[in-house]
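*Asks:* Next up is a structure, given as structure tokens.
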Amino acid sequence: MASQDWFDKDFYAVLGVSKTISEADLKKTYRKLARQFHPDSNPGDPKAEAKFKEISEAHSVLSDPELRKEYDQVRAMGSGARFTAGGQQGGGFEDVFGGMFGQQQRGGPQYGGGQSGASFEDLLGGMFGGGAGRGSFGSTSGGFRGAGGPSKGRDLSASTTLDFITAIRGETIKLQPSGAKAINVKIPAGVSDGQKIRLKGKGEPSPDGGLAGDLVLSITVRKHPVFERDGQNLRIVIPVTFVEATLGATIEVPTLGGESVKLRVAPGTPSGRILRVKERGVTSPKGVGDLLAEIQVAVPARLTEDALKHLEAFAAAMPRDNPREELLEKAASA
């Protein structure tokens with residue numbers, strides 16, 4: 001900021017506060033204004049953006065005790081001083097600063113190797129450690145501390161392990177981030193194992209009234225004893241008997257957390273065939289998946305003597321085809 005701006009800008013008026021306001025009330029007022037005029041709250045509004053920069057500029061000076069003291073001193077010097085030509089009764093430029101440095105001669109104070117009539121910028125630059133052409137307090141950027149507005153709070157990271165059904169359906173859980181108080185977190189439906197969720201504003205508060213940081217939550221999902229996730233779909237392996245697979249049957253299939261559904265197994269169904277149950281999979285912003293039931297023919301481990309005789313009779317009645325014949329031919333010719 002150019003030194004002249006300290007006379008031209010009333011930071012107290014910009015924030016709408018008195019000169020005697022306490023640090024706590026100043027911080028409270030600034031936070032309220034920052035939320036009101038922040039660009040994120042007023043997208044595409046140049047007036048709100050300009051106002052936000054003004055209040056950030058004012059707060060950055062008034063919130064620093066040393067800067068506020070220096071600002072008040074400069075404003076006090078300028079109030080009531082009339083910058084007229086030297087020698088006029090109203091008091092000239094040199095008269096304003098003469099008393100500050102113990103200079104009483106009418107010709108004006110001497111600065112920088114006896115040169116008189118130093119410029120306004122040179123005087124304030126020397127007072128606060130700056131040089132000609134530099135920003136206040138020696139800043140080469142032309143700005144001042146905090147010119148970029150309030151800083152965002154730091155992001156926090158956390159991890160949580162969810163039950164399979166919780167991840168699929170979503171739920172509000174209580175989370176205890178490291179070094180922070182417990183918070184309630186809404187887990188959206190359909191999160192997957194290894195996914196990271198960014199929760200806006202759930203991180204560390206800003207140190208100077210800006211936006212809070214985010215919380216980056218890493219998700220681990222426990223395995224389910226029956227269902228397996230496949231994108232938006234759920235998979236389940238359904239065992240059927242040899243007779244059911246051969247002759248056909250209507251079977252019962254469970255769904256995740258709901259009632260079972262009935263599926264028709266066609267005669268001659270082999271292991272590995274997929275039967276689809278519409279819209280009984282994962283519901284998420286991407287859509288609704290299906291339940292995929294994979295048929296697995298169960299081979300009996302034990303047979304009664306009577307069943308064994310019937311099975312042998314069945315085998316004798318079957319054609320002598322070799323189901324592996326084509327496979328062997330392909331392997332030999334490859």
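The values are calculated or read from the model by the stated rules, or taken from the named source; none is laboratory data. Since the model is a prediction, treat every value here as computed from it, not as a measurement. Virtual Cβ from ideal backbone geometry, glycine too; neighbours counted across all protein chains shown.
*Asks:* Among GLU54, GLU70, which is surrounded by 13 or more Cβ atoms within 10 Å (Cβ to Cβ) and modelled with pLDDT of 85 or more? Before you say what the answer is, go through the steps one by one.
*Replies:* Working: GLU70 fails: modelled with pLDDT of 85 or more.
That would be GLU54, the only listed residue that is surrounded by 13 or more Cβ atoms within 10 Å (Cβ to Cβ) and modelled with pLDDT of 85 or more.
*Asks:* For the range 237-247, indicate whether the set of residues that are assigned to a loop (DSSP other than H, G, I, E, B) and either surrounded by fewer than 15 Cβ atoms within 10 Å (Cβ to Cβ) or in contact with a Leu (Cβ under 9 Å, 6 or more places away or on another chain) (or both) is non-empty.
*Replies:* Quick first cut of the range 237-247, residues assigned to a loop (DSSP other than H, G, I, E, B) only: none.
Scanning the range 237-247, I find no residue that is assigned to a loop (DSSP other than H, G, I, E, B) and either surrounded by fewer than 15 Cβ atoms within 10 Å (Cβ to Cβ) or in contact with a Leu (Cβ under 9 Å, 6 or more places away or on another chain) (or both), so the answer is no.
*Asks:* Next up: Any idea how many residues of the range 262-302 are loosely packed, with under 15 Cβ neighbours inside 10 Å and closer than 17 Å to ILE168 by Cβ?
*Replies:* Qualifying residue count, the range 262-302: 6.
*Asks:* Another one. Any residue that is of a type in the set (Gly, Ala, Ser) and surrounded by fewer than 13 Cβ atoms within 10 Å (Cβ to Cβ) - is there at least one of those in the range 202-213?
*Replies:* Here is the first cut: in the range 202-213, the residues of a type in the set (Gly, Ala, Ser) are 203, 206, 209-210, 212-213.
Next, only the ones that are surrounded by fewer than 13 Cβ atoms within 10 Å (Cβ to Cβ) stay: none.
Checking the range 202-213: not a single residue is of a type in the set (Gly, Ala, Ser) and surrounded by fewer than 13 Cβ atoms within 10 Å (Cβ to Cβ).
*Asks:* Here is a follow-up. Taking the conditions exactly as written (surrounded by 10 or more Cβ atoms within 10 Å (Cβ to Cβ), modelled with pLDDT of 95 or more and either hydroxyl-bearing (Ser, Thr, Tyr) or closer than 30 Å to GLY231 by Cα (or both)), does VAL253 satisfy them or not? Before you say what the answer is, go through the steps one by one.
*Replies:* Values: surrounded by 10 or more Cβ atoms within 10 Å (Cβ to Cβ): yes; modelled with pLDDT of 95 or more: yes; either hydroxyl-bearing (Ser, Thr, Tyr) or closer than 30 Å to GLY231 by Cα (or both): yes.
So VAL253 fits the description; yes.
*Asks:* What pairs come out if I take residues in the range 306-325 that are assigned by TED's automatic domain parsing to the domain that holds VAL243 and in contact (Cβ under 8 Å) with a residue 60 or more places away in the chain and pair them with residues that are basic (Lys, Arg) and loosely packed, with under 10 Cβ neighbours inside 10 Å whose C-beta lies under 8 Å away, six or more apart or interchain?
*Replies:* Listed pairs, sorted by first residue: none to list.
Yes or no, residue by residue, for (1) among the β-branched types (Val, Ile, Thr); (2) modelled with pLDDT of 90 or more; (3) not assigned by TED's automatic domain parsing to the domain that holds GLN36:
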position	(1), (2), (3)
ILE173	yes, no, yes
LYS186	no, no, yes
VAL191	yes, yes, yes
PRO239	no, yes, yes
PHE242	no, yes, yes
